[in-house]
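The values are calculated or read from the model by the stated rules, or taken from the named source; none is laboratory data. Not measured: the values here are computed from a predicted model. In this analysis, Cβ positions are derived from the backbone assuming ideal geometry, glycine residues included, and neighbour counts consider all displayed protein chains. The accessibility values were calculated without ligands, DNA or RNA, using every heavy atom of the protein model including side chains. Shrake-Rupley method; radii C 1.70, N 1.55, O 1.52, S 1.80 Å.
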Amino acid sequence: MTTAYAPGKAILFGEHAVVYGRPAIAVPVTQVRACAVVQDAPSGHGLLIRAQDLNLEHGIGTAVSTDDPAYPLEATVRHTLEWLGIETIPDLTLTVSSTVPIARGLGSGAAIATAIVRALAQHLGRAPTPREVSDLVYPTEIIHHGTPSGIDNTVVAFEQPVYFVKGKPIETLHVGQPFWLVIGDTGIASPTKIAVGDVRRGWEQHPDQYEAWFDHIGAIVECAREAIAAGEIAALGKLMDENQELLEAIEVSSRELEELIGAARGAGATGAKLCGAGRGGNMIALVAPKEAQAVADAVRGAGATNAIVTTVGAIHVVVGATHELPRRDAARC
Ligand code: PMV
């Protein structure tokens, strides 16, 4: 039996604009996670996927339509077997479970697919690198997101804070000082594909306006990266608020998200914004450790179905290719 896990994630800055080539910053969220367990099965059993949370039991190779929740799971298994060079479906049971809320901006699809890739590959004799896991999960992200930037599979597979630009080598983020976040859930499921598709239509209709908004978001991300690396946490809150204003402009915010954001700010958060695709899902608030509980309570009081307190730590471990930090441009930030 082989068990593997993968964390959720939160995008701190730059969602949506990242689909259009601008940078974004994301961190793993280990308080929620997906789990995949692979067990040998008797000969002739085939490969059965069980996912109790989705009320699903699916045999690989049996008919599955693209809108079936089993479809991305089967696709992940098939890509992994292909990568392993296994042509005949092995006799296995794959049990998937997850505490990452589905379609709520915390990377549930990437977490589940990452846990599957890790468990299946390890069970069948090969331990993939984070880069290989990320690449194997990306096609599943296409199923979930339509036109994904690749940020979710990257941060979940590498399990480290990342500065991400679509198509560029991953850069792990240096965190100069640890900082605390409250993550509040509106409880409203919002499929990423729909929000991403609506932003694309807006961009097609008003390309100059959207490009200017995306540039502004990109500039915020650069400032945030410098502030995080330098341990200037006080600057981050204002940048979060500014990023939220732009997310409202591209129409991916919602009344429920703004109620939680307002409650967090009112209870002492230094800044707050939605995280992920928006429209529903989760928001994040930057908090001082002593305010964390009060902010989490305020967010719950404003209707959040859950509130997580998480830390972005100071450990800087470099995995894979990295870029040098550009020189700090004080005037820009
Ligand atoms: O809502 P999530 O966790 O799936 O995050 C989506 C992030 C987007 O920038 C909106 C899309 C993408 O592929 O980067």
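At a probe size of 1.4 Å, how large is the accessible area of SER98, to the nearest 10 Å²?
Spelled out: SER98, probe radius 1.4 Å, area about 30 Å².
Just to verify a number: what accessible area does ASP198 come out at with the full protein assembly present, 1.4 Å probe, Å² rounded to tens?
The accessible area comes out at roughly 50 Å².
Go ahead and set up a Gaussian network model of the chain, Cα springs under 10 Å, then flag whichever of GLY280, GLY266, GLY184 fluctuates most.
GLY266
Can you give the Rg to Rh ratio for the chain, taking only C-alpha atoms and Rh from Kirkwood?
Across the chain, the Cα-based Rg/Rh ratio is 0.98.
Could you tell me the center-to-center distance, by alpha carbons, between region 51-122 and region 208-251 in angstrom?
Spelled out, the Cα-based centre of one part sits 35 Å from the other.
Using +1 at the Cβ of each Lys and Arg and -1 at the Cβ of each Asp and Glu in region 53-199, identify which of ALA111, SER98, GLY61 lies farthest towards the dipole's positive end.
Projecting each Cα onto the dipole axis, the largest value belongs to ALA111.
How big is the charge dipole of the chain about its Cα centre, in debye rounded to the nearest 20, if each Lys and Arg gets +1 on its Cβ and each Asp and Glu gets -1 on its Cβ?
On the way: 25 positive and 37 negative charges, 108 e Å.
Dipole about the Cα centre, nearest 20: 520 debye.
So for the chain, averaging the separation of alpha carbon pairs under 8 Å that are six or more residues apart and normalising by length, what relative contact order in percent results? Could you put the intermediate results ahead of the total?
On the way: 744 pairs, mean separation 72.7, N = 333.
About 22 percent, as a whole number.
From the P(r) of region 210-251, could you give the percentage of C-alpha pairs in the tail past 15 Å? Intermediate values should be presented prior to the final figure.
Details: 334 of 861 pairs.
More than 15 Å apart: 39 percent of the Cα pairs in region 210-251.
Provide the per residue accessible area, probe 1.4 Å, for region 2-164, rounded to a whole number of square angstrom. List each step's numbers first, then the result.
On the way: 5970 Å² over 163 residues.
That works out to 37 Å² for each residue.
Scan the chain and hand back the longest stretch that contains none of the GluC sites (Glu not before Pro) lying in DSSP loops with at most 12 other Cβ atoms within 10 Å.
Details: sites that count: GLU87, GLU324.
That would be 88-323.
Just need the Rg to Rh number for region 2-164, please, alpha carbons only, Kirkwood Rh. It would help to have the intermediate numbers written out before the result.
On the way: Rg = 15.1 Å, Rh = 15.7 Å.
Radius of gyration over Kirkwood radius for region 2-164 works out to 0.96.
Using the reciprocal of the averaged 1/r over all distinct C-alpha pairs, how large is the Kirkwood radius of region 186-236 in Å?
Numbers: mean 1/r = 0.0756 Å⁻¹.
Result for region 186-236 stands at 13.2 Å.
Suppose accessible area is computed on protein heavy atoms with a 1.4 Å probe; arrange LYS168, LYS273 from highest to lowest.
LYS168, LYS273
Work through the residues other than LEU84 whose Cβ is under 12 Å from its Cβ and net out their charges, Lys, Arg +1 and Asp, Glu -1.
So the environment of LEU84 carries a net charge of -1.
Give me the Å³ per residue figure for the convex hull around the C-alpha atoms of region 89-190. Please report the intermediate quantities before stating the final value.
Values: hull volume 13.6 nm³, N = 102.
In region 89-190, the Cα hull volume divided by residue count equals 133 Å³.
Okay, helix-only estimate at 222 nm for the chain: each DSSP H run of n ≥ 4 adds -39500 (n - 2.57), divide by all residues, round to 500 deg cm²/dmol; what do you get?
Working: 9 runs with 131 residues, N = 333.
Mean residue ellipticity, 222 nm, calculated: -13000 deg cm²/dmol.
With all protein chains present and a 1.4 Å probe, how do SER97, SER253 order by accessible area, largest first? Present the calculation step by step, with values, prior to reporting the outcome.
On the way: SER97 50, SER253 20 Å².
Listed by decreasing accessible area, they come as SER97, SER253.
Compute, for region 198-263, the length of the dipole vector about the Cα centre, with Cβ point charges of +1 (Lys, Arg) and -1 (Asp, Glu) only. Units Debye, rounded to 20. Kindly include the intermediate steps, with their values, before the conclusion.
Values: 5 positive and 16 negative charges, 31 e Å.
So the magnitude is around 140 debye.
So how strong a dipole does region 2-164 carry about its Cα centre when Lys and Arg Cβ are +1 and Asp and Glu Cβ are -1, to the nearest 20 debye?
Details: 9 positive and 15 negative charges, 94 e Å.
The calculation lands at about 460 debye.
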